[in-house]
1. For region 43-117, what relative contact order do you get, as a whole percent, if you take Cα pairs closer than 8 Å and at least 6 residues apart?
2. For region 261-302, taking Cα atoms only, what is the radius of gyration to one decimal and the Dmax to the nearest whole Å?
3. Quickly work out the GLU184-to-GLU287 label distance, labels modelled 7 Å from Cα along the C-beta direction, and quote it in nm with one decimal.
4. Can you list the aspartates and glutamates whose alpha carbon is less than 12 Å from that of LYS256, not counting same-chain residues fewer than 8 positions off?
5. Let me make sure I get this right: for region 131-239, a, b and c are the square roots of the gyration tensor eigenvalues over alpha carbons, sorted descending. Under 1.5 in a/c it's rounded, otherwise prolate if a/b > b/c, else oblate. Which is it?
6. Work out from phi, with θ = phi - 60° and the Karplus expression 6.51 cos²θ - 1.76 cosθ + 1.60, the ³J(HN,Hα) of each residue of region 80-96, listed in order in whole Hz, and give x for Gly and Pro.
7. Give the residue from CYS140, ALA179, TYR224 lying farthest towards the positive end of the charge dipole for region 138-226; charges sit on Cβ (+1 for Lys and Arg, -1 for Asp and Glu) and the dipole is referred to the Cα centre.
8. Given points 7 Å out from each Cα along the Cα-Cβ axis, report the MET1 to ARG63 separation in nanometres with one decimal.
Amino acid sequence: MMRLPTFEHKRPASLRQAFDLLKDSSEDSLLVAGGTDLYPNMKRRQCEPRTVISIARIRRLKRIIGNQNSGLEIGANTVLSDLGADPVVAKYYTVLSEAATQIASPQIRETGTIGGNLCQDTRCNYYDMSYEWRSGVNFCLKHGGNVCHVASGSKRCWAVFASDIAPACMAIGSRLRLASSRGERTMPARELYQNDGAAHLRKSKDEILTDLLLPPSDGLISTYLKLRRRDAIDFPILGVAAAVRLDSKGNCRYAKIVLGAIGSCPVQVAEAEQILLGKRLTQDTIESVATAAYRVAKPQDNTDLTFSYRKSMTKVYVSDALTKLAAKAEYS
Ligand SMILES: Cc1cc2nc3c(=O)[nH]c(=O)nc-3n(C[C@H](O)[C@H](O)[C@H](O)COP(=O)(O)OP(=O)(O)OC[C@H]3O[C@@H](n4cnc5c(N)ncnc54)[C@H](O)[C@@H]3O)c2cc1C
């Protein structure tokens, strides 16, 4: 059995208290919300913070306000089961609801938060082994070593970002609010990420993700499909988040496809927009978008199943997601 290392546990009751704690100790402290990602990582000694600052008591971070017309403001401490069960999210931002309800297990969804999901660590077959195993083969680029066991000779880490929520947020054009003792800022969800497995988050250590901001729904039709070995518990080895808005003639006036779990950050299929905008969701356009997604998907050999299978499934899943949207559009 793997045990947690020793650490000091702080439980601020407000954002202000959390900012002060982070200011005093940001070099050797880490935030925790539900702990379903951080604590297993600490057990594997992937990180050993001296202080863990729990934001779970901060009530301001656990709320869902607004509606589909104004847009929704969802606090970062909202647990995945509440996100999945919210009727407005399910009806108007379906991609988020479908992503949330497919994560892990009921127990983890009751504890794991949106903020923790969006800021979770990257994963890799080599990195996610015990400390002893990793020390036996030499530590990798992601943890103090100078070798990548996935792509030897690589100067960068290829660990995979396997969040289900992040691609869903990006597909519907969500923004994120981050705050620190220096003030707050908002940015498009896609700007939180960069394609480097060892440094995938573009935020400073003292910043807390406080809210997920959803735009007005405005006729959004969306869905999330997830590939994994088992139908429960498993992380995605491919996630496809698809969203469209159609005009009165059924032509796309908004279209986004975002792929998850195939790289160190979610990948937006830029060509999808070019192909779909102004067109109907016919079999031909769907086929062209699926082919474009297949081209940009470059999974590595560092998660479950083979990378060639995961790449080939991109085409199938994108095609299925758009076919599902076309059927939804017909009945809406
Ligand atoms: C068996 C198992 C299966 C899983 N399956 C999936 C899956 O299928 N899909 C999936 O997406 N995830 C999966 N996860 C990962 C994880 O459970 C979820 O992503 C969960 O939402 C993480 O939320 P948390 O609150 O527990 O995060 P925590 O563990 O509390 O935090 C995770 C990271 O985010 C940081 N953090 C947390 N909150 C904030 C914040 N507000 N601002 C800034 N930083 C913050 C922490 O410092 C930490 O680095 C799985 C985990 C396990 C153990």
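No lab work stands behind these numbers, since they all come straight from the coordinates. Because the structure is a prediction, the values reported are computed rather than measured. Cβ placement follows ideal geometry from the backbone for every residue including glycine, while neighbour counts extend to all protein chains displayed.
1. 27
2. 11.9, 38
3. Taking the simple label geometry, GLU287 and GLU184 are separated by 4.9 nm.
4. The reachable aspartates and glutamates, counting only those whose Cα sits under 12 Å from LYS256, are GLU271, GLU273.
5. Verdict is oblate for region 131-239.
6. Once rounded to whole Hz, the list reads 4, 5, 5, 4, x, 8, 5, x, 5, 4, 4, 7, 9, 10, 3, 4, 6.
7. Positive-most Cα among the choices belongs to CYS140.
8. Inter-label distance under the simple model: 4.0 nm.
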